[in-house]
Amino acid sequence: MASDDRLAGERQPARGTHLAPYLASLNPEQLEAVLHEGSPLLILAGAGTGKTRVITTKIAYLVKERGLQPESILAVTFTNKAAREMRERAAMLEPRCERAVIRTFHSFGAWFLRRNAAAVGLDSNFVIYDDDDSTELLHAALPQISKQDCKRYASLIARAKDYNLEPDSPDLSASIRDEDFRRIYALYEKRLRETGNVDFGDLIRLPTKILGEDAAIAARTKQRFRVILVDEYQDSNVAQFLLLQRLAGPGTYVCVVGDDDQSIYKFRGAEIRNILSFSKIFPGTKTVKLERNYRSYQTILDIAGDVVSHNSGRLGKTLRATKPGGAKPQLALLDDQDQEVEFCARIVRTHQKQGGSLSDIAILYRTNAQSLAFEKDFPRKGIAYRLVGALRFYEREEVKDVLAYRALLLNPRDEIAFRRVVNKPARGLGDSSVDLILDRALGGGLSVIDACRESSGSMRGKGKAGLEQFLGVMDRAAAMLGRSSPPAAARAADDGGADAAEGPYSLADGGKAARRAAGKGKDGGAANDSGPASLGVLLEKIISASGLAGYHRGQDEIAGTQKLANMEELVNASALYPLLREGLAEFLETIELDRSFQAGEDAENRDAVTLITMHNTKGLEFPLVIVTGLEQGLFPRDDEEGEDLEEQRRLFYVALTRAKDSLYLTACRWRRMRGRLFETAPSRFLTEMDPERYEFWKSGASASRPVQAHFPRSFPGARAIAGHGGAAAAGSRPLAGSYGGASRGPAMAETSARPGAGAHNASAQGSEWRQGQTVYHDEYGQGAIIKVSLTENSGPLVIVQFESGKIAEFFPKYTRKLERIKE
DNA sequence: TCACAGTGACTTTTT
DNA sequence: GTCACTGTGA
């Protein structure tokens with residue numbers, strides 16, 4: 001299209017005097033970002049500044065007014081949810097945007113790879129292995145290595161792939177010192193290639209490789225995608241950056257959107273330098289900052305800004321609220337988790353009383369384990385909750401079982417799927433039989449199913465019968481899929497390269513192509529002739545014939561689980577897909593790439609409080625947010641320093657900026673972790689906030705229990721904090737002078753109530769804490785030390801049994817509550 | 001092959 | 001405190 005030239009050539013956007021309404025409603029910076037053309041564009045979009053709106057408007061604008069083919073636009077996001085939202089909102093502005101390629105990075109990789117699989121010697125019917133599968137594969141290849149180490153290695157391999165490092169990359173030794181690692185990684189790759197499958201990392205790495213090695217495919221791809229938009233760019237990794245670089249030709253318009261202050265996935269390979277140095281790598285980059293925040297009150301943005309300003313190496317932004325007014329955030333200093341739950345419940349009830357709904361509220365925490373206290377107590381209090389992201393549907397044993405049968409059906413070389421289900425339920429096929437079959441398969445270049453067939457002749461008794469039963473299930477299932485569609489392998493050929501606009505997987509769809517086929521009934525329903533059959537039929541058959549139904553029903557009865565129900569949920573989910581190989585492949589890919597699937601429709605719509613990790617809140621917003629567990633040692637952990645600490649600070653920033661109207665923060669003096677009780681200091685992040693900007697929560701004049709009874713004694717007085725481990729131990733700047741003494745209400749009045757506390761502390765470190773010593777604790781009274789162990793950084797850890805019978809552990813270095821008594 | 005008890009480990013986790 | 005892995009014994 002001629003418009004493509006215009007796009008690449010012109011520097012000044014053509015500003016019409018009369019803007020269309022969808023453009024006129026943008027603020028000046030947003031409009032600038034939408035209209036910009038010519039050079040690469042970096043949109044620095046702070047939290048709540050209308051980032052998605054800008055991207056979707058830009059896509060619509062390009063199609064509507066700049067005459068771009070929607071097919072030539074590629075927009076990548078990190079989550080399926082974000083991709084879905086972007087697709088819907090763009091299509092709302094301009095229906096043709098349906099045809100743009102709006103996908104997650106990984107889904108785009110899979111899409112590309114299926115079309116060009118042959119270029120890396122893959123068959124396009126590959127299945128995508130998740131981290132568990134990778135671990136299993138490693139364990140199968142190296143049974144002498146424990147499962148746990150396999151898991152560790154698998155995650156190292158995943159990380160290596162995030163950095164686009166191969167087993168023989170020189171840089172690999174710089175990042176991973178383990179001598180064996182290269183060998184293990186290489187072996188893993190070999191075994192993975194033998195299965196014909198790929199892992200998540202491959203979905204980025206292999207397309208990058210293809211684009212680097214195959215000039216024809218590269219040229220075709222660059223020809224096709226004239227515009228590339230990347231969302232959440234701050235969380236892209238090195239491999240994704242390289243892919244972007246190879247997708248972009250000289251005439252490609254590249255626009256990335258992100259917020260360096262919200263980069264929170266370093267531990268998964270996210271490379272914040274991608275965004276920090278974008279304009280160096282793409283010369284001539286135009287940067288647009290979006291700083292007008294439409295989500296939160298300024299009171300909320302202020303403390304968020306306080307906190308994140310302690311980070312170095314920022315591009316620098318200051319959010320300005322567009323909503324006037326707003327109450328100060330409230331900090332509640334509590335004794336322990338029970339009070340924290342109680343506090344949250346109280347906030348919830350108050351909110352309800354004021355006419356708010358439960359779904360307005362989110363309770364945030366750092367670790368999943370912290371959700372338990374709420375889960376236990378909320379039902380008793382009649383508070384409905386929705387737990388986000390903990391035990392995910394697809395991770396459930398029974399779901400993985402069913403999926404493994406199906407993966408095996410699609411790719412009979414899938415060793416991991418085979419191992420998972422060949423003896424489930426037990427069919428008398430132990431490890432030795434399975435290894436025998438797999439040796440035969442690997443040795444003879446057979447699929448595992450064919451190897452089973454060959455092996456069954458040489459087996460006897462229970463194992464033989466079991467194997468034949470298993471083969472029977474697989475054969476019948478395969479027959480149901482029928483011959484009605486071409487084998488998956490043939491698909492890559494008819495579909496050409498990345499520029500193919502049609503094909504079994506159509507452009508931006510997520511299931512539509514196959515469903516369309518089902519609707520038309522074209523060749524559908526191979527197994528019966530009563531209309532177009534769905535994949536659900538096949539699934540049901542597999543579940544019953546394999547014996548999984550009976551097996552898991554038994555488990556349900558023993559353990560009170562609902563595995564059978566979950567499998568049925570899976571059947572329901574698959575009923576949207578046609579009973580064809582394509583349908584199966586597409587369903588599997590959807591499941592593999594979108595792990596957010598939630599069983600049960602009502603779960604989404606129910607009015608309930610959201611319990612969620614801070615990480616999982618990225619991109620979300622709630623009218624009322626409670627950020628819990630703001631304690632040193634938990635958030636941040638004591639071992640987090642330097643870049644890690646800065647990432648935690650960004651995580652806190654993300655958490656704070658989720659709140660639209662009200663924000664509450666909680667910290668507990670006592671925290672149970674791993675079954676032990678720790679005395680904690682408040683999170684250093686709290687001390688980074690200007691005390692003028694928040695209030696201490698008070699339980700109110702009513703007869704309610706005073707919730708902040710003890711904690712304030714050690715907060716935020718400088719000496720008390722220094723006496724606690726956290727800030728002082730981490731070598732941070734002194735806190736003295738940060739706070740205004742006792743003027744902040746009753747909480748502060750007690751701050752200096754313990755003369756000599758610091759001295760006590762200092763003497764505690766050097767001298768004796770030994771077994772048998774009698775001690776006195778402020779709260780638990782008298783007790784005896786039953787064990788002392790020495791830690792590297794925290795001095796002695798003493799375990800005390802109190803007269804009440806209670807056993808607790810203390811680091812004398814960190815607590816002032818424990819004293820030794822002479823006998 | 002299975003069931004059990006002992007051991008040790010333990011952030012966060014878009015895909 | 002909880003879970004998953006591991007080794008043992010039936």
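Only the coordinates and a few stated rules stand behind these numbers; no lab work does. These numbers come from a predicted model, not from an experiment. Glycine also receives a Cβ, built like all others from the backbone with ideal geometry; neighbour counts cover every protein chain displayed.
Please report how far the C-alpha centroid of region A:24-47 lies from that of region A:222-246, rounded to the nearest whole angstrom. Region A:24-47 and region A:222-246 have Cα centres spaced 18 Å from each other.
The simple spin-label model puts a point 7 Å past each Cα toward its Cβ; for A:ASP431 and A:GLN771 those points are separated by 3.7 nm. Selection among A:SER146, A:ALA174, A:GLN223 by position relative to the dipole of region A:146-224 gives A:GLN223 as farthest towards the positive end (Cβ unit charges, Cα centre).
What separates the Cα centres of region A:272-347 and region A:406-447 is a distance of 51 Å. Label zone (A:THR287, point 7 Å along Cα-to-C-beta; backbone nitrogen cut-off 15 Å) within region A:44-70: A:44-46.
The stretch between A:ALA24 and A:ALA465 holds 151.6 nm of extra length on full extension. This uses 0.36 nm per residue minus the Cα-Cα distance. Annotation for region A:426-466: trypsin sites (Lys or Arg not before Pro) lying in DSSP loop with at most 12 further Cβ atoms inside 10 Å of their Cβ are A:ARG460. Positive end of the dipole of region A:216-283, charges at C-beta (+1 Lys, Arg; -1 Asp, Glu), about the Cα centre: which of A:PHE267, A:VAL254, A:SER279 has its Cα farthest in that direction? Of A:PHE267, A:VAL254, A:SER279, it is A:VAL254.
If R0 is 30 Å, what FRET efficiency do you get for A:ASP690 and A:GLU640 from their C-beta distance, rounded to 0.05? Working from the Cβ atoms, E equals 0.85. Of the peptides A:98-111, A:257-270, the order by per-residue mean of other Cβ atoms within 10 Å, starting with the highest, comes out as A:98-111, A:257-270.
Counting Lys and Arg as +1 and Asp and Glu as -1 over every other residue whose Cβ lies under 9 Å from the Cβ of A:VAL288, the net charge comes to 0.
Sort region A:118-190 into rounded, prolate or oblate with this rule: let a ≥ b ≥ c be the square roots of the eigenvalues of the Cα gyration tensor; rounded if a/c is under 1.5, and if a/c is not under 1.5, prolate when a/b is larger than b/c, oblate otherwise. Could the numbers behind the result be given before it?
Details: a/c = 1.88, a/b = 1.14, b/c = 1.66.
Oblate.
Here, region A:60-185 yields an orientationally averaged convex hull projection of 10.3 nm² when only Cα atoms define the hull.
Placing a label point 7 Å from the Cα of A:HIS310 along the Cα-to-Cβ direction, the residues of region A:641-660 whose backbone N falls under 16 Å from that point are A:641-657.
Farthest towards the positive end of the charge dipole of region A:620-703, among the residues A:SER683, A:GLY629, A:PHE652, is the Cα of A:GLY629, using unit charges on the Cβ of Lys, Arg, Asp and Glu.
The calculated FRET efficiency for A:SER357 paired with A:LYS81, based on their beta-carbon distance and R0 = 30 Å, is about 0.90.
Between A:TYR294 and A:ASP178, how high is the FRET efficiency from 1/(1 + (r/R0)^6) when r is the Cβ-Cβ distance and R₀ = 45 Å? Nearest 0.05. Calculated value: 0.40.
The string of couplings for region A:668-683 from the Karplus curve (6.51, -1.76, 1.60, θ = phi - 60°) is 10, 6, 10, 10, 7, 9, 6, x, 10, 9, 10, 8, 10, 9, x, 4 Hz, one whole number per residue in order, with x for Gly and Pro.
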